[in-house]
Amino acid sequence: MKQIIQQVQKRMLISLAQMAKDLNLQEGDHVLIQERDGGIFIRPVAWHDKSQEYFWTKEWQERIKRSLEALEKGNYKKFENVDELLKELGEEEDADDSSN
């Protein structure tokens, strides 16, 4: 674990340059800043588009988890074509309408 002592500058700024290079952290990247155990923890994180915000909700993450578990257990169906899938979903009357 690498440790560096930095002096806090005006406006509460510190330089991450030494560690950022090791972590391949670039200008414009995002970091998570957490107060933890009387200190500050900074970790690089990926960011997502605002239009995808729903995906990161607890409800959707739980759905994804259940889907992955079902896949691992083999709990899924295979369909030969879209019409079979639509029939299973109860939407067979729309299967011939490709204008949507």
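No lab work stands behind these numbers, since they all come straight from the coordinates. Keep in mind that this is a model prediction, so the values were computed, not measured. Cβ sites come from the backbone with ideal geometry, for glycine too, and all protein chains shown count toward neighbours.
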Original post:
Between Met12 and Asp83, 0.36 nm times their residue separation minus their Cα-Cα distance comes to what?
Top reply: 19.5 nm
**OP:** Would you kindly compute the Cα radius of gyration of region 1-42 and its largest Cα-Cα separation (Dmax), both in Å?
**Re:** 11.2, 28
Original post:
Which distance in nm do the two modelled labels at Glu59 and Asp29 give, with both placed 7 Å along the Cα-to-Cβ direction?
Top reply: 3.4 nm
Subject >> Whole-Hz couplings from phi, Karplus 6.51/-1.76/1.60, listed for region 11-28; x for Gly and Pro >> reply: 6, 6, 8, 9, 9, 9, 3, 5, 7, 4, 4, 5, 8, 6, 8, 10, 4, x
Original post:
Considering the dipole of the chain built from charges on the beta carbon (Lys and Arg +1, Asp and Glu -1) around the Cα centre, which of Ala20, Trp60, Phe79 is farthest to its positive end?
Top reply: Ala20
**OP:** Name the most mobile residue of Lys77, Lys58, Lys50, meaning the one with the largest mean-square fluctuation, in a Gaussian network model of the chain with Cα contacts below 10 Å.
**Re:** Lys77
Subject >> Residue of Glu27, Glu72, Glu80 that the Gaussian network model of the chain assigns the largest fluctuation, springs spanning Cα pairs under 10 Å >> reply: Glu80
Original post:
Taking the radius of gyration and the Kirkwood hydrodynamic radius from Cα positions alone, what is the Rg/Rh ratio for the chain, to two decimal places?
Top reply: 1.24
Subject >> Fluctuation leader among Asp22, Asp83, Asp49 - the chain, Gaussian network, Cα springs under 10 angstrom >> reply: Asp83
Original post:
How far, in degrees from 0 to 90, does helix 58-73 lean away from the longest principal axis of the Cα atoms of the chain, to the nearest 10?
Top reply: 60 degrees
Subject >> Distant-in-sequence amide H partners of Val31 (H built 1.01 Å from N, under 5 Å) >> reply: Val45
**OP:** For n ≥ 4 DSSP H runs only, could you compute -39500 (n - 2.57) per run for the chain, divide by its residues and tell me the 222 nm figure to the nearest 500?
**Re:** -8500 deg cm²/dmol
